[in-house]
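The values are calculated or read from the model by the stated rules, or taken from the named source; none is laboratory data. All figures in this text were calculated on a predicted structure; none of them were measured in a lab. All Cβ positions, even for glycine, are placed from backbone atoms using ideal geometry, and neighbour counts span all protein chains on display. These area figures cover heavy atoms from the full protein model, side chains too; ligands, DNA and RNA do not enter into them. Shrake-Rupley method; radii C 1.70, N 1.55, O 1.52, S 1.80 Å.
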Amino acid sequence: LISELYQLEGYEIKPVKAHTGGRNVVYTCEKEGTDPKILRIAFLNDRSREDYLGEVEYIRYLFEHGGSVSDVINSINGNLLEEITYQNYTFSLCLFKKAKGKMLVENNYRYREGVSITEYYYNCGKVLGKLHQLSKKYSPVHRRYSFFDKYNVEYITRLVPSSLTLLKQKLVELLKTLEGLDRNRESFGMIHFDFNDGNYTIDFDTGQITVYDFDNSCLGWYMYDLADLWTQGVGWKQFEQDAGERKKFMDDYFKSVLEGYRSETSIDNTMLDQLPLFIKA
């Protein structure tokens, strides 16, 4: 049925090894003379049709406006999302263009030969800045959920056992602090919410980064994605014993990230000052 819906006859379709906590079944679809594709089959009932449509419409908007993302491929029915019901169970289907290049881990965390790795830091910021700039102008047809729709006091109360009173108290305090932050168009909008080197590829000929996996995307603070990017940088220096050396590296790393980010969009210094808060978040 899926092969018919997406004209995948003749493609070699192979499962991608699942990771712990994954919520989808994913396949690579390859055929000589055509661009490779990624098929995602969602089978858990933790997301609504509205959620899926909100995700794929956002991806299509980003792609059409110059965001460096893996585009969604329409079915033969012209739909970004298809559903198949089998034995009273509904599966949600999306097909994506496979991002060009490969993940950093697939290149043993080596960057482009003869090119400073600061280019990579800069490009990470630049690509994210472009996505955020586009989000500032985005008016969704199907609205994705907001951060507080998912993360709120009721959720914490259900999640954390009553015996862990201090943990619960600290988490509620963190949420209340976040609730007090500005949510204007320049600081709050659609974000990736899982921006890390497992969710983008690098074209090692050009350095271009292509982002994918918007499964967690939601309305939130742009600073959250930047905090994700800051946290990712720690991996380059995590085994350095000297705290001063670690701090110097992180300052230099994030300076390059922000230069790339600010080449595409603006971020207020008052929000940047909240970086420690968003690392906690």
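The C-beta contact set for segment 158-175 (first residue in contact (Cβ under 8 Å) with a residue 60 or more places away in the chain and within 20 Å of Phe278 (Cβ to Cβ), second residue open to solvent by less than 90 Å² (accessible area, probe 1.4 Å) and among the hydrophobic types (A, V, I, L, M, F, W, C), distance under 7 angstrom, 6+ apart or interchain) comprises Leu174/Ala281.
Any residue at all in segment 242-251 that is of a type outside the set (A, V, I, L, M, F, W, C) and open to solvent by less than 20 Å² (accessible area, probe 1.4 Å)? Walk me through how you get there before you give the answer.
From segment 242-251, those of a type outside the set (A, V, I, L, M, F, W, C) are 242, 244-248, 251; that's our starting set.
From the residues that got through so far, the ones that are open to solvent by less than 20 Å² (accessible area, probe 1.4 Å) too are none.
Checked segment 242-251: no residue is of a type outside the set (A, V, I, L, M, F, W, C) and open to solvent by less than 20 Å² (accessible area, probe 1.4 Å).
When Glu119, Glu106 are checked against the criterion of being surrounded by 12 or more Cβ atoms within 10 Å (Cβ to Cβ), at pLDDT 95 or above and either farther than 30 Å from Phe43 by Cα or of a type outside the set (A, V, I, L, M) (or both), Glu119 stands alone in meeting it. Pairs are defined by a Cβ separation below 9 Å, a sequence spacing of at least 6 or placement on different chains, a first member in segment 51-67 that is on the phi < 0 side of the Ramachandran plot, and a second member that is in a helix (DSSP H, G or I) and of a type in the set (Val, Ile, Thr); the pairs so defined are Gly67/Ile59; Gly67/Val127. Scanning segment 178-205 for residues that are loosely packed, with under 13 Cβ neighbours inside 10 Å and not in a loop (DSSP other than H, G, I, E, B) yields a single hit, Glu179. Screening Thr231 on (1) closer than 23 Å to Glu119 by Cβ; (2) in contact (Cβ under 8 Å) with a residue 40 or more places away in the chain; (3) touching a Phe, Trp or Tyr at 6+ places or on another chain (Cβ under 9 Å) shows it passes everything except condition (3).
Picking from Tyr200, Tyr224, Tyr212, which residue would you name as being in contact with a helix residue (DSSP H, G or I) (Cβ under 7 Å, 6 or more places away or on another chain) and not hydrophobic (A, V, I, L, M, F, W, C)? Let's see the steps before the verdict.
Details: Tyr200 fails: in contact with a helix residue (DSSP H, G or I) (Cβ under 7 Å, 6 or more places away or on another chain); Tyr212 fails: in contact with a helix residue (DSSP H, G or I) (Cβ under 7 Å, 6 or more places away or on another chain).
Every option except Tyr224 fails the conditions.
Given the condition modelled with pLDDT of 95 or more, open to solvent by less than 50 Å² (accessible area, probe 1.4 Å) and polar (S, T, N, Q), answer yes or no: does some residue in segment 76-91 qualify? Checking segment 76-91: not a single residue is modelled with pLDDT of 95 or more, open to solvent by less than 50 Å² (accessible area, probe 1.4 Å) and polar (S, T, N, Q).
Restricting to segment 223-274, and then to whatever is assigned to a helix (DSSP H, G or I), hydrophobic (A, V, I, L, M, F, W, C) and more than 16 Å from Tyr121 (Cβ to Cβ), can you tell me which residue is nearest to the chain's Cα centre (by Cα)? Write out each step before concluding.
Within segment 223-274, the first condition is being assigned to a helix (DSSP H, G or I), and the residues that meet it are 223-236, 243-262, 269-272.
Those still in the list that are hydrophobic (A, V, I, L, M, F, W, C) too: 223, 226-227, 229-230, 234, 236, 243, 249-250, 254, 257-258, 271-272.
Okay, now just the ones that are also more than 16 Å from Tyr121 (Cβ to Cβ), so 223, 243, 271-272.
Working: Met223: 13, Ala243: 30, Met271: 20, Leu272: 20 Å.
Per the stated criteria, the residue is Met223.
If we keep just the residues of segment 252-281 that are out of contact with any helix residue (DSSP H, G or I) (no Cβ under 8 Å at 6 or more places or on another chain) and open to solvent by 80 Å² or more (accessible area, probe 1.4 Å), which is nearest to Leu131 (Cα to Cα)? Only one residue tops the list, namely Asp268.
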